[in-house]
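Beneath this line is the structure, given in structure tokens, with notes to follow.
Computed from the coordinates by the stated procedures, all read-outs in this text should not be read as laboratory data. If you're wondering where the values come from, they're calculated on a predicted model, not measured in any experiment. When we count neighbours, we look across all protein chains shown, and the Cβ atoms used for this are built from the backbone with ideal geometry, even at glycine.
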Amino acid sequence: MNTTLPYLCSAQAENETIKHFTFTVFDSIENLGELQWNKHIPEANVLMQHESLKLVQTIHQNKMQFRYVLVKKDEVTVGALYFQVVMFHANQLINYFPQFSEGNLVMKTAKTITEKLLNLINIKLLVSGNVFMTGENGFYFSNEVDPATRAKIIRKTVRDLRNTDTSIKATLVSDLYEPKTEFDTDFKTNAYHEITVESDMSIRLKPEWKTFDDYMNSLSSKYRVRTKKVLTLCNEAGVVMKDLGAEEIALHENTLYELYEKVMDNADFKLAELSKDFFRLQKQQQPNNYRVHAYFKNEELIGFISAFRYGKRMEVHYTGMHHEVSKPIHLYQHMMYDMIKVGIEDRVEQLHFGRTAPEIKSTIGAVPSPMYGYVKHFNPVFNYLFVRNYTANLKPKEYVFRSPFKG
């Protein structure tokens, strides 16, 4: 499909705002030229460039659909938007509601009703951005497009995509960072409901940290003792870390995916899962920028952590592990320290850990960046009566964030 969508709008004010914009939609990146797409994506954002999105589409096209949109004004492209279409199972949201009191009959009844309602909701969801990456909202505009106009363009695009595929029942614009602007006002006044998601955890690696010992010396005595203990536990258990190449990833592919699934099975929320060959193909595509660190005990693969490195930024991606083996030796936290060590060695400035396990990540120095999004169901009655009320009660788990550094 390669369709230019003319602008039609009943609201006069909105028509005046974006009447000069046209929208070209592609449902396969194969129909979109590499230069045609990449020139509108920031150079530093390699994972949103044509080659990376082509890989995501190639290995996940049997599980999800994709939409690529170029926005023009007066024949000049001023925006690029990326969407994924996934199946959403609402029963995942039960962990985000306030805890129901087991001893209160009314609350127990409310929990039962809520669970039954959520179990009934399995819908096709249009997501702005890449569900496999934290902080990727999937839209880029030239500086001349102001925040409010960007929101109108995104909403217009969503309406058009929905009109061409009525099996899509709802949309999600997620992974937005504060501060809020006129962009947010536009969504809120057009029946989109705000949702709060877990914060993105990241650590800025200080220039004076030339070695991991420098990082250790910056910790308070309590956390320095804890760090040494974590590192010692893995060493005493005989755990060895190895940076895997593409051929080694292929050799361990089944085990890597089994470990990944063990972690995903415990995840509170997930919109999609990686295909088994993702790790191997990603390493083949970006051998210098993608890493898979595997952890072996008695030559048995017990865990791994993966990461992308671009310029001065490193993005920790997915992990996998045997919880019964890894928990006693604090393997996950050891992995976090190894990422800091690698980041320091590679002279990285910013290390992103994503959203999971925020409390543990705060103990190594990561700090939260609040994130939020907007959701809308295309049935207006359901959107008002159900989505509006339930999103108001959706809250991520509360954590106590630590600061491990001196004074």
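With the cut-off at 31 Å, tell me which of the pairs K73/K376; K39/K180; K54/K297; K63/K156 have Cα atoms farther apart than that. Flagged as over cut-off: K54/K297. Restricting attention to segment 43-76, which GluC sites (Glu not before Pro) occupy a DSSP loop and are surrounded by at most 14 other Cβ atoms within 10 Å? Taking segment 43-76 and a limit of 14 other Cβ atoms within 10 Å, the loop GluC sites (Glu not before Pro) found are E43, E75.
Here the Gaussian network model covers the chain, with springs between Cα atoms less than 10 Å apart; of S369, S167, S28, S167 fluctuates the most.
Using the Karplus relation 6.51 cos²θ - 1.76 cosθ + 1.60 with θ = phi - 60°, the per-residue 3J(HN,Hα) values for segment 190-197 come to 10, 6, 8, 10, 6, 10, 9, 10 Hz, with x marking Gly and Pro. Here the label points at T185 and K210, each 7 Å from Cα along the C-beta direction, are separated by 5.1 nm in the simple model. Projecting label points 7 angstrom from Cα along Cα→Cβ for N143 and V76 puts them 1.3 nm apart. About the centre of its Cα atoms, the chain shows a dipole size close to 900 debye [charges on the beta carbon of Lys, Arg (+1) and Asp, Glu (-1) only; nearest 20 debye]. Across the chain, the relative contact order, built from alpha-carbon pairs under 8 Å that are at least six residues apart, equals 19 percent. Of the GluC sites (Glu not before Pro) found in segment 158-211, those that fall in a DSSP loop while having at most 11 other beta-carbon atoms within 10 Å are E208. Our estimate of slack between K397 and S221, defined as 0.36 nm per intervening residue step minus the Cα-Cα distance, is 60.5 nm.
An oblate overall shape is assigned to segment 206-348, the ratio a/c of its alpha-carbon gyration tensor axes (a ≥ b ≥ c) being 1.5 or greater and a/b not exceeding b/c.
Around F66, with a cut-off of 15 angstrom between Cβ atoms, what is the net charge of the other residues, counting Lys and Arg +1 and Asp and Glu -1? Let's see the in-between values first.
Numbers: positive: K54, K63, R67, K124; negative: D27, E30, E51, E136, D165.
Within the 15 Å Cβ shell, the charges total -1.
An ellipsoid equivalent to the chain, defined through the eigenvalues of its Cα gyration tensor, has semi-axes of 37, 27, 21 Å when rounded to whole angstrom and sorted largest first. Placing dummy labels 7 Å off each Cα toward the beta-carbon, the span from E258 to L35 is 4.8 nm. Its relative contact order, with pairs defined as Cα atoms under 8 Å and 6+ residues apart, puts segment 206-348 at 29 percent. Annotation: lysines with alpha-carbon distance below 29 angstrom to K406 (same-chain offsets under eight excluded): K206, K210, K222, K228, K229, K312, K327, K341, K361, K397.
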